[in-house]
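The values are calculated or read from the model by the stated rules, or taken from the named source; none is laboratory data. Just so it is clear, the structure is predicted and the values come from calculations on it, not from any experiment. For neighbour counting, all protein chains shown are included, and Cβ atoms are generated from backbone atoms with ideal geometry for every residue, glycine included. Heavy atoms of the whole protein, side chains included, go into the accessibility calculation; ligands, DNA and RNA do not. Shrake-Rupley method; radii C 1.70, N 1.55, O 1.52, S 1.80 Å.
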Amino acid sequence: MRLSDIPSVSSVLNRMESLSKLSENPKSLVSFPDVLEREWNRSHPEIQLKGLNPKEKADGISLPFPEEVGFKSTTSLQPDTKTKPNDILGTIESIAKSQGMDPNLVKAMVKAESGFKPNAVSPKGAMGLMQLMPETAESLGVNDPFDPEDNIGGGVKFLKGLMKEFKDPEKAIAAYNAGPGAVKRYKGIPPYEETQKYVNKVKRYYKDFSS
């Protein structure tokens with residue numbers, strides 16, 4: 001067997017012969033970068049090297065990225081927008097409006113109660129965003145006091161009941177903190193320092209959220 005009979009060797013010999021014929025005719029001489037580009041285009045017809053000078057093409061500099069030649073990248077550089085933190089303010093807006101309550105008042109209450117911390121627990125055992133006591137949560141049908149929607153839903157329901165009973169926002173806020181019995185007993189905001197500070201705090205937060 002002759003070397004020329006081996007396919008791979010035959011291919012090389014044919015290419016050498018083609019290049020030698022080019023050198024016999026000065027007019028047909030082309031630069032090495034041009035030959036390389038021709039070979040590239042022959043092997044990769046789907047990729048057109050446009051807008052690059054021969055040296056850049058030959059040296060492999062500034063070759064187009066896959067996206068520039070019609071390929072799609074399998075890895076997205078954009079942040080994953082599906083993993084967002086729980087929108088507590090949006091939840092408050094939705095639940096408050098569905099129950100006919102002022103969303104800004106509920107926001108002020110939540111800020112005063114827990115500082116928007118869903119897992120907050122007071123020394124007395126009040127739980128979640130609106131600081132519901134276990135017995136209050138149970139009476140309101142709250143299954144998970146630490147679930148934002150469940151907790152806010154119960155808290156707004158409780159606050160709505162207080163607003164309906166006392167027909168006065170300040171009395172309702174005070175009753176949420178000190179209990180309805182205390183407000184009835186004193187016929188208004190109880191003379192408790194904690195409750196009075198709480199009412200003033202909610203009013204201040206309400207003004208902030210409403211501005």
In Å², rounded to a whole number, the accessible area per residue of segment 167-211 with probe 1.4 Å is 64
Tabulate in residue order the Karplus-calculated ³J(HN,Hα) for segment 133-139, using 6.51 cos²θ - 1.76 cosθ + 1.60 with θ = phi - 60°, rounded to whole Hz; enter x for Gly and Pro.
6, x, 5, 5, 4, 5, 5
Whole-Hz Karplus couplings 3J(HN,Hα) for segment 203-208, θ = phi - 60° and coefficients 6.51, -1.76, 1.60, Gly and Pro as x, run 4, 5, 5, 4, 5, 5
For segment 168-211, just say rounded, prolate or oblate: build the C-alpha gyration tensor, square-root its eigenvalues into a ≥ b ≥ c, call rounded for a/c under 1.5, and beyond that prolate if a/b exceeds b/c, oblate if not.
prolate
If amide H atoms are modeled at 1.01 Å from N in the peptide plane, then the residues at a separation of 5 or more from Met133, or on another chain, having amide H under 5 Å from its own are Met127
Among the listed pairs Lys124/Lys171; Lys160/Lys201; Lys111/Lys167; Lys124/Lys207, which are separated by more than 25 Å between their Cα atoms?
Lys124/Lys207
In segment 114-211 the accessible area split gives carbon plus sulfur, as whole percent at 1.4 Å, a share of 51
Given points 7 Å out from each Cα along the Cα-Cβ axis, report the Phe116 to Ser211 separation in nanometres with one decimal.
1.7
